[in-house]
Structure formats: C-alpha cells, structure tokens
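One structure below.
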Amino acid sequence: MKMDHEQMDHDMADMGGDTMMHGGHMMHMGNLKQKFWVSLILTLPIILLTPMMGIRLPFQLTFTGSDWIVLVIATFLFIYGGKPFLQGAQMELAERKPAMMTLIAMGISVAYIYSLWAFIANHFLANVPHQMDFFWELATLITIMLLGHWVEMNAISSAGSAVEKMAALLPGQAHVLQADGSLQDVALDQLQTEQQVVVKAGEKIPADGQIVAGQSAVNESLVTGEAKLVEKTTGMPVIGGAVNGAGTLTIKVTGTGETGYLSQVMKLVQQAQQHKSAAENLADKVASWLFYAATTIGLLTFIVWLALSGLNVALERTVTVLVIACPHALGLAIPLVVARSTSLGATHGLLLRNRNALEAAKQIDTVLMDKTGTLTAGDFKVNAVVAFGEQTQNQVLTTLAALEANSSHPLAAGILAAARAQEITVPTAKNVKQLSGVGLQGSVAGVDYAIVTAAYLEQQQIDYDQKAYQKLAAQGNSLSFLVQANQVLGLVAQGDQIKPNARDFIQQLRAQGINPVMLTGDNQQAAAVVAQQLGITDFHAQLLPEDKAKMVAQYQAQGHQVLMVGDGVNDAPSLAAAEIGVAIGAGTDVAIDSADVVLVRSDPADILNFLSLARRTMRKMVQNLWWGAGYNILALPLAAGVLAPIGIILSPAVGAILMSLSTVVVAINALTLKLK
C-alpha cells in the first residue's frame with residue numbers, strides 16, 4: 001500500500017502536479033497556473049498583431065515580418081497551452097465519450113490548422129485568394145480555457161486524496177525484532193504476520209497487531225475522530241497508522257498489506273470514488289451535444305458550400321462553424337459559478353470539495369446521520385447507577401470508572417465525571433481491551449470484568465433485569481452493563497442532550513421532501529426516544545461502526561439518493577459511496593478527504609445552507625450554460641448559411657462579437673450568485 005502511494009506521487013510529479021476529473025478520468029493538466037500566465041503573455045502580441053475574425057481593432061498594428069512572429073508564437077501556444085486539452089480529448093475519444101476536452105481540442109485544432117493553411121496560401125500560393133486566419137481566436141481560446149480550468153481547480157484546491165492521506169498514516173519501514181534481540185528495519189511491503197515489531201516513542205504503528213510487551217498511550221484519532229490518547233498495555237490490539245505516545249511497544253503483527261484495517265478501508269474508498277467519479281456533469285453533457293452538433297453541421301456546411309462556391313469558401317464557412325461552436329464563454333460558464341459558490345460556502349461554514357456534489361444535491365431524498373455528536377451534543381451524563389446482588393452503587397461505579405479511565409468514548413467521559421463528582425478513588429485497571437461495537441474488558445484488583453451492551457448479553461444468553469433495562473431505556477438513556485464471570489453486577493444509564501437546533505433542522509429537511517435517517521450504536525429504546533423527540537421516523541440502532549457503509553448501500557439499492565454525514569476513518573467508505581458525503585469539520589483528515597462537503601463549524605444545520613447553495617448554484621450554472629452555449633442554436637445554423645438564399649449569412653466578425661458578448665454576460669451572471 002505504501003509503495004503504491006509512493007509510485008503515485010512519482011507519477012504525479014512526472015505529469016506536472018495539477019489534476020482534474022473529466023468524464024470519470026483523473027486528467028493531469030500540468031501546472032495550470034504557469035500554463036495560463038505563459039499563454040496570456042504569448043497571447044498579448046497575437047492580439048496586437050492579428051485581427052479578430054477579420055475585424056481589425058483600433059489598437060492593432062502590422063509591420064514587415066509580423067505575420068511570421070504571429071505564426072511562431074501561435075505554434076508554440078498551440079503545443080504548450082493546448083497540450084492539456086489535446087490529451088484530454090484523446091482520453092475522451094478513447095472512451096467514446098467526447099465532451100468538454102474534445103470540444104476545446106476541436107476548436108483550437110481547427111483554428112490552428114486552418115490558420116497555418118491560410119498563412120501558407122497568403123505567402124506562398126499566388127493563385128489563391130487571400131485567406132482569413134484564426135490565430136486571434138486560437139490564442140484567446142486557449143488562454144481563456146486555461147483560465148477557466150485554473151479558476152475551477154483553485155476553487156476546490158482544498159480537495160486532497162483520502163487514499164493518499166490513509167497511505168501517509170503508515171511509516172515507510174518497521175523495526176522487526178530478530179531472534180537475537182536486535183532490530184532490523186524492513187520495508188512495509190515485506191512485513192509478515194506473526195512477526196514482532198518494536199514501535200518507539202512518537203512513531204507510527206506500522207501494521208495491525210497485538211501488544212506483547214510494553215505500555216504506552218496511543219493516539220487513535222484516525223478511528224475515533226478524537227485526538228485523546230488511549231492507554232495501551234500487554235494483550236491489547238492496535239491499528240496500523242495510530243501514533244504511539246511516550247512508551248515503547250512490542251507488537252505481534254496480525255494484519256499487513258491487504259488484510260490490514262487501513263488497507264481494507266482504502267480499498268472501499270477507492271471503489272466508491274471510482275464509481276462516483278464516473279458521473280458525467282452537466283457541462284460535459286452540454287459540451288458533448290455541442291460536439292456532435294458542430295461536427296454534423298460543419299460536415300453539411302462543407303458539402304453544401306463546396307458544391308455552391310468551391311473549396312475556399314467551403315473551408316472558411318466550415319472553420320467558422322467549428323470555431324464558433326467552442327465559444328470562449330463556455331470555458332468560463334461553470335468555473336466562475338463554482339468559484340463564486342465556493343467563496344460563498346466558505347463564508348457560511350462550508351468547504352465545497354467536489355463540484356459534482358452541487359449537481360447531485362437536487363436529487364438527494366435521504367440524509368443518513370449519526371446520533372451522537374451530530375444530532376446530540378455527545379456530552380453524556382450519568383442518570384442512574386443500578387447495582388445487583390451484593391454489589392453497591394458505589395462499587396459498580398468504581399469498577400466502571402476504572403475500566404473506562406483510558407477510553408476516549410463519550411460514554412466513558414460521563415462515567416468518569418460521575419466518579420469525580422462523588423469523589424471516588426479510581427483504581428488502576430490492567431489488560432484493558434476494546435470489544436468492537438460492544439464495550440471493553442479488563443481486570444481490576446485481579447478480577448476480570450467487562451462493560452457490554454444489552455445486545456451482547458442476549459447474544460451470549462446472559463440473564464439481566466429486563467424490567468430495569470426497559471424502564472431506563474424508555475427514558476432515552478444509553479445503558480451499559482458491568483459483567484463478571486457471566487453475571488451482571490450492575491448497569492449505568494446515561495443521557496445525552498439533543499442539540500438546540502436539531503429538531504428544527506429535521507423539520508426543515510422534511511419540508512424539503514428529504515427523509516432524515518438516524519444511525520446509532522445505542523439500544524433500540526434509547527434511539528426510539530431520541531428519534532421521537534426529533535421527529536424522526538426512520539432510524540437504525542445497535543449498529544457497529546462498519547454497518548454505516550452497509551446502510552448507504554441498502555438505501556441506494558432501494559433507489560434513494562443518499563447524503564451521508566460522518567467524521568471518522570470508519571466513515572470514509574460510506575462518505576465516498578454516498579451520492580454526497582458530508583464530513584464534520586472536527587473529524588479526521590481521512591474522513592474530510594473522503595467527503596464532498598466539509599462542515600467547518602461541525603453544525604449539521606449547515607447542511608441546509610449547502611442544499612440551498614447547491615440549488616442556487618445549479619440555477620446559475622444552467623443560466624450560464626445557456627448564455628455560453630445556447631447562442632449556438634442561432635449562431636451555428638447562420639454561420640453554416642441556412643439563410644443564405646435570402647441573403648443572410650453570419651459573418652465571422654459578427655460571430656466574434658456575439659462570442660465576446662456571451663462571455664461578458666456569463667461573468668456578470670456568475671457574480672450575482674447569492675446564498676439567501
């Protein structure tokens with residue numbers, strides 16, 4: 001996994017760095033900023049020395065040899081500035097999906113090749129009438145298209161790669177313990193299960209494993225989303241990528257390569273991202289239609305005018321059609337709106353990382369969100385401690401606090417706060433291990449205990465006081481049981497506070513025809529109470545962390561368009577798989593990089609702002625696409641000469657004026673975008 005990441009970085013460096021998604025492909029654009037500025041500088045002398053579709057502007061000039069200067073500069077500009085579009089067109093045509101890149105490539109190629117022919121004809125072919133060139137259009141088209149792509153990419157420059165971030169969580173090498181007690185540094189891809197590795201203070205844990213010696217505090221924020229250190233000692237599991245604290249650990253490797261936790265998550269994220277990136281955006285659809293329309297009209301134009309007026313006129317009219325088909329405004333129609341939308345989002349606590357999310361928002365009919373920390377404050381308070389048998393409430397709370405002392409779970413914080421409030425001296429627990437989706441286990445004063453859920457008790461067929469459980473759960477409490485030797489010693493009931501604006505948020509989602517779905521690992525009764533208070537009818541309780549991705553797939557299989565809210569590495573696959581993934585700003589980098597939208601203020605109510613912004617942005621996009629490409633409905637037939645029998649033909653000069661006007665209108669329209 002690490003080697004793949006390094007190879008990817010190497011390939012990216014070779015390609016120049018900047019990449020964009022087009023038609024489901026990651027397209028390497030080179031250094032767009034550099035290409036734009038170089039192309040702009042080269043465009044200026046062309047604007048000064050050559051007319052715009054035959055219109056000689058007041059500031060233009062010519063002198064002996066100026067045509068040669070234009071030819072040399074335009075040739076370099078076509079090769080250097082046009083390279084990203086020519087490569088992109090090659091990719092689109094290989095997939096038989098011509099879109100924006102193909103349309104741009106057609107426009108600049110036709111403009112250059114015809115202009116080269118015009119130069120040769122004007123300078124070396126005496127019997128050929130003077131030919132109009134399109135060097136002005138070539139230069140401005142390349143420069144404006146580079147500007148549009150740079151603006152768009154710059155607007156979403158915060159978008160990183162979740163897969164890269166996950167790969168970077170792992171170190172390059174592992175210190176493998178040899179039979180003689182020495183350490184040998186081994187590349188990560190050569191690490192094998194059952195080997196023992198030593199992790200020194202401050203180092204990243206190289207692979208999933210189990211501690212066989214040592215004690216330390218480990219930062220597992222990649223899983224929990226919280227940066228709190230978790231005490232680890234002999235027998236406890238660790239996850240590759242977690243950061244070791246001050247101690248030294250010896251770990252027996254249990255998972256490497258594709259069997260490791262991070263690798264499994266990476267694979268799910270990659271699969272989900274590949275599926276999502278295949279979605280064709282609106283601009284590409286319009287460009288695809290324009291390509292086919294321009295190609296068809298251009299071919300008919302050439303055939304008809306060849307028969308009527310000969311080769312020279314047929315070529316000029318055909319080239320005019322094909323150049324007009326790729327208006328400058330089309331290159332700015334979407335990027336300017338995206339840039340404006342991204343800026344507005346940032347001022348309202350939203351980071352827009354994926355343009356396609358704006359288009360997908362109008363189809364969203366289901367929002368999946370976790371209960372704790374999203375709809376509730378995540379600040380649990382102990383409402384009741386119940387002791388069974390010979391145990392006292394104080395003894396139950398003391399044992400619970402001892403086991404939870406090193407946990408970062410919100411429930412643990414509530415228990416420890418209750419113990420402090422009663423001034424309980426908390427003993428040290430040993431051999432504490434997490435029970436995934438269940439609780440934890442460990443020993444206190446030499447006695448083994450476990451903190452588990454009701455679902456675990458039922459699964460293990462352990463008897464418990466169901467009346468007490470039902471009564472407390474019905475009040476909306478989260479319940480945990482203290483167990484020793486398959487006997488329930490007591491339980492603790494904790495309540496979480498619903499966020500002040502959560503109910504209003506749910507009501508507004510419903511008003512927009514969107515079904516809010518609550519996901520929680522809590523018990524069914526507690527989940528039902530919270531759902532009732534919030535007005536949620538669709539909820540799923542007693543979920544394990546990995547069940548979130550399954551829930552996304554389940555709703556999608558039913559035909560729903562899903563928006564998923566999450567904050568941890570375990571949320572990354574579901575965030576990537578959902579039509580729109582929304583990450584809580586306080587979550588992990590991996591979750592954020594898997595998401596399409598980030599809530600900077602960690603307030604789920606900002607989802608409403610995103611949906612509103614998305615609707616308004618899409619409206620502006622459609623308007624701009626009409627201004628940028630819609631005029632072709634009129635311009636292409638006129639340029640082709642449909643009305644020539646009655647003396648009306650769109651001259652290249654008029655086409656150039658219309659093209660310029662549409663560009664100005666597109667820019668002004670984008671700037672009028674507002675959130676409210």
Sort through Leu306, Leu375 and tell me the only one that's over 29 Å from Asp522 (Cα atoms) and out of contact with any strand residue (DSSP E or B) (no Cβ under 6 Å at 6 or more places or on another chain).
Leu306
In region 383-415, anything within 42 Å of the chain's Cα centre (by Cα) and in a helix (DSSP H, G or I) is listed as Leu400, Ala401, Ala402, Leu403, Glu404, Pro410, Leu411, Ala412, Ala413, Gly414, Ile415
Any residue at all in region 540-559 that's open to solvent by less than 20 Å² (accessible area, probe 1.4 Å) and closer than 25 Å to Ala384 by Cβ?
yes
When region 484-498 is examined, which residues are found to be over 25 Å from Asp567 (Cα atoms) and open to solvent by 10 Å² or more (accessible area, probe 1.4 Å)?
Gln484, Ala485, Asn486, Gln487, Val488, Leu489
Residue list for region 78-131, restricted to those being polar (S, T, N, Q) and either in contact with a Cys (Cβ under 8 Å, 6 or more places away or on another chain) or farther than 22 Å from Leu42 by Cα (or both):
Gln90, Thr102, Asn122, Asn127, Gln131
Checking Ile424 against (1) within 24 Å of Val218 (Cα to Cα); (2) without any contact (Cβ under 8 Å) to a residue 40 or more places away in the chain; (3) in contact with a Ser or Thr (Cβ under 6 Å, 6 or more places away or on another chain), only one condition comes out false. Which one?
(1)
Helices (runs of 4 or more DSSP H) wholly in region 416-529 with at least 1 residues that are over 43 Å from the mean Cα position of the chain (by Cα) - which ones?
466-473
Among the residues of region 64-73, is any outside any helix (DSSP H, G or I) and either under 27 Å from Val666 (Cβ atoms) or open to solvent by 10 Å² or more (accessible area, probe 1.4 Å) (or both)?
yes
For region 132-153 the number of residues that are in a loop (DSSP other than H, G, I, E, B) and open to solvent by less than 10 Å² (accessible area, probe 1.4 Å) is 1
What pairs can you find where one residue is in region 31-58 and of a type in the set (Val, Ile, Thr), the other is part of a loop (DSSP other than H, G, I, E, B) and at pLDDT 90 or above, and their Cβ atoms are less than 8 Å apart, with a gap of 6+ or different chains?
Val38/Gly81
Selection from region 636-660 of residues assigned to a helix (DSSP H, G or I) and modelled with pLDDT under 75 yields Pro652, Ala653, Val654, Gly655, Ala656, Ile657, Leu658, Met659, Ser660
Would you mind stating whether Ile364 is under 19 Å from the mean Cα position of the chain (by Cα), at pLDDT 85 or above and crowded, with 22+ Cβ neighbours inside 10 Å?
yes
Residue hits (region 374-396; in contact with a Pro (Cβ under 8 Å, 6 or more places away or on another chain) and open to solvent by 30 Å² or more (accessible area, probe 1.4 Å)) are Asp379
Elements of type strands (runs of 3 or more DSSP E) in region 167-240, at least 2 residues being modelled with pLDDT under 85 and closer than 30 Å to His409 by Cβ:
216-219, 229-232
Filter region 574-592 for residues that are part of a helix (DSSP H, G or I) and open to solvent by less than 10 Å² (accessible area, probe 1.4 Å); the one that is modelled with the lowest pLDDT is Val590
Can you find a residue that is among the acidic types (Asp, Glu), surrounded by fewer than 20 Cβ atoms within 10 Å (Cβ to Cβ) and within 27 Å of Asp379 (Cβ to Cβ) anywhere in region 456-464?
no
Anything in region 79-105 that is open to solvent by 30 Å² or more (accessible area, probe 1.4 Å) and within 24 Å of Leu32 (Cβ to Cβ)? List them, or say none.
Ile79, Tyr80, Lys83, Leu86, Gln87, Gln90, Met91, Leu93, Ala94, Glu95, Lys97
Would you mind stating whether Pro410 is more than 30 Å from Gln558 (Cβ to Cβ) and crowded, with 21+ Cβ neighbours inside 10 Å?
no
Which of the residues that make up region 551-573 are in a helix (DSSP H, G or I), at pLDDT 90 or above and not aliphatic (A, V, I, L, M)?
Gln554, Tyr555, Gln556
Consider region 499-514. How many of its residues are surrounded by fewer than 18 Cβ atoms within 10 Å (Cβ to Cβ) and either over 16 Å from Thr374 (Cα atoms) or touching a helix residue (DSSP H, G or I) at 6+ places or on another chain (Cβ under 6 Å) (or both)?
6
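The values are calculated or read from the model by the stated rules, or taken from the named source; none is laboratory data. All values reported here derive from a predicted model rather than from experimental measurement. Glycine gets a Cβ as well: all are built from the backbone with ideal geometry, and neighbour counts include every protein chain shown. Each accessible area value is taken on the protein alone, full model and side chains, heavy atoms only, with ligands, DNA and RNA left out. Shrake-Rupley method; radii C 1.70, N 1.55, O 1.52, S 1.80 Å.
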